[in-house]
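The values are calculated or read from the model by the stated rules, or taken from the named source; none is laboratory data. A quick note: this is a predicted structure, and the numbers were derived from the prediction, not measured. Note that each Cβ is placed from the backbone with ideal geometry, even for glycine, and that neighbours are counted across all protein chains shown. These area figures cover heavy atoms from the full protein model, side chains too; ligands, DNA and RNA do not enter into them. Shrake-Rupley method; radii C 1.70, N 1.55, O 1.52, S 1.80 Å.
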Amino acid sequence: MRNLRLLLKRNRIWVGVAVLAAIFSNLSQMIYTYYVGELANRIVGRTMIGLAFLAVLGGFLVSNAVTQFLNQYFGRFAAEKMAHSLRMGYATRLLRKATNDREGLSVSSAMSVAQNELAQADAYLGNTFFDVFGMAFTGILATIFLLLQDILLTLTLLLPTVLILVYVRFSSRKLSGIVSSTQTEKARMNQVVYSAVSAFPAVKVFDGEALCKGAFRKRLLAWEGHATKNGRWHALYNTLSGILSRVPLLLLLLVGGYMVIRENIQIGTLIVFLNLQKSLTLSIMNLPSWLSGFQVFTTNLSRVEIE
Amino acid sequence: MIELKNVAFTYQEKIVFQELSLKVEKGQKVGIVGESGCGKSTLLRLIAGLYRPAEGGVTVDGENDPEKISQKVSIVLQTPMLLPLTIRENITMGHAFSEEWIRQVCAASNLTKWIETLPNGIDTYLGDRADELSGGQAQRIAIARAMCKNAQVLLLDEPTSALDGENAAAVLEALDHFGEDKTVLHVTHRPEHLVGYDRILRMEGGKLLEANASCAWRAVSL
Ligand SMILES: Nc1ncnc2c1ncn2[C@@H]1O[C@H](COP(=O)(O)OP(=O)(O)O)[C@@H](O)[C@H]1O
Ligand SMILES: [Mg+2]
């Protein structure tokens, strides 16, 4: 987390811009959704749909596109900036502490870090980092927005969602332990290979090939054990959360449909809920993998020494 | 015992030796001094069968295939080159040796005291704590490894460069004792470490010049 804070602080301007863009993009999407609901209401109520209304709808459609573009653009840009800081920070640190007296070990661990932790953290930053935050925004903003529309229906949607969240929290904690031990084993396995290469003179003169191969096999087995366990638990948790995520939609249709029939709410409100429910549940459904991805990222990051 | 005949060796473009010859009798103790970068480490690596000469031949104990030469020599490389394994594995390199022998080489390399402070002793895993290992500790493990193999030819490439005076003196004495019945080539930039050696060679411009063993170290150090 220290490293993440450092990266965020070093790029605070771009990170700030990216966060603002994410907020605007989400807001604009929600207002647009609101107007779509309003359109449905007018159709059902046989009210005039004026030119002004259509203009507003069109305007938000355009602003939707623009803010979405800015959101993606600045999100990627800020992430790329952070990835640069990470690589530079690692190189700086390495140069500062580089000593030549333990060639075999220190070169191999530096190479192992560069090829594993650094490369993975780098890839994560470039691909997913701001998406996670975008999804979190969507969830929070959608909830607030829905509460303003209808409290009872929002609760119908939120209650099962909260239950899912509790489940996700529990499962991600379980997963993170497995993830980090898998990574440790992978790093050790790679370190054996790199050190066998960088220390080849010693391996050759002292006939250590069998030793290296044996050590590699042992590490490979340990890693395989962790990796299969890792895959199994991920599959299980993702499947369960996938099934759980269907519950909110079902409840929403049943309760919301009933309310529309009883004329407690308008059809437009239900349409707004149905629309936002998708993004809300989608973010929750993917939460375990995002959280564990984020976990992998922070674990990786904590193993990279930067300056 | 060790013979180099008109050896030529280059790293990519860099020519290190062109016509290098050397003959070392069985059991001789030979010291090698010279400016850094003149090719001392390269010479030891050639003799250890780690490099193949571009021209000429290297023979150790009648053997001239580099692969087989490697089996006949033991070397303390200029850098320790440890593996992310236990201390024991780094010393034995996976070969079977008696506990008593391993204990002896650890004692000779001044490792015993340090090893006793470790929670897992000689079976302590070095991989996760590479950064906690001092240069001196790493070098002493490399020396123990070289002694453990117990080959008839012992090549030492600045074996005590990372050790403090006290450790260096103790380890050098142990190495002298250990090398009594062996052929020893010792590269060092400290001629006073070569007292009692049969020959001292100075490497200059890719050639080896014979120096007077009895007074060379005094001449240099005075
Ligand atoms: N792996 C290598 N690749 C290219 N050049 C090398 C390599 N190792 C050493 N050299 C060069 O060969 C020369 C001899 O090096 P070395 O044998 O290490 O010298 P010494 O041990 O006497 O300091 C030096 O100029 C060095 O820069
Ligand atoms: Mg050298």
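Please determine, by comparing only the residues of segment B:123-178 that are within 16 Å of ligand 1 (Cβ to nearest atom), of a type in the set (A, V, I, L, M) and closer than 22 Å to B:Asp61 by Cα, which one is farthest from the other protein chains (Cβ to nearest Cβ).
Here the answer is B:Leu156.
Condition (residue is open to solvent by 50 Å² or more (accessible area, probe 1.4 Å) and modelled with pLDDT under 90) applied to segment A:171-179: is it met by at least one residue?
yes
Can you give me the ranges of the strands (runs of 3 or more DSSP E) entirely in segment B:19-100 with at least 1 residues that are away from chain A (no Cβ under 11 Å) and polar (S, T, N, Q)?
Strands (runs of 3 or more DSSP E) meeting the threshold: B:55-60.
Based on this model, can you work out whether A:Leu148 counts as away from chain B (no Cβ under 14 Å), surrounded by fewer than 17 Cβ atoms within 10 Å (Cβ to Cβ) and more than 26 Å from the chain's Cα centre (by Cα)?
yes
Just one of the numbered conditions (1) within 16 Å of ligand 2 (Cβ to nearest atom); (2) open to solvent by 10 Å² or more (accessible area, probe 1.4 Å); (3) aliphatic (A, V, I, L, M) is not true of B:Met81; which one?
Unmet condition: (2).
Return yes or no: is A:Leu250 closer than 23 Å to A:Val179 by Cβ, part of a helix (DSSP H, G or I), open to solvent by 40 Å² or more (accessible area, probe 1.4 Å) and out of contact with any strand residue (DSSP E or B) (no Cβ under 6 Å at 6 or more places or on another chain)?
no
Between A:Val203, A:Val197, A:Val192, which is closer than 30 Å to B:Lys72 by Cβ, open to solvent by 60 Å² or more (accessible area, probe 1.4 Å) and part of a helix (DSSP H, G or I)?
Sole residue among the options that is closer than 30 Å to B:Lys72 by Cβ, open to solvent by 60 Å² or more (accessible area, probe 1.4 Å) and part of a helix (DSSP H, G or I): A:Val197.
Hey, among B:Ile15, B:Ile47, which residue is open to solvent by less than 10 Å² (accessible area, probe 1.4 Å), touching a residue at least 40 places away in the same chain (Cβ under 8 Å) and either within 13 Å of ligand 1 (Cβ to nearest atom) or over 18 Å from B:Thr183 (Cβ atoms) (or both)?
None of the other options fit; the residue is B:Ile47.
Looking at segment B:182-202, which of its residues are within 16 Å of ligand 1 (Cβ to nearest atom) and either under 19 Å from B:Val73 (Cα atoms) or part of a strand (DSSP E or B) (or both)?
Matches in segment B:182-202: B:Leu185, B:His186, B:Val187, B:Thr188, B:Ile200, B:Leu201, B:Arg202.
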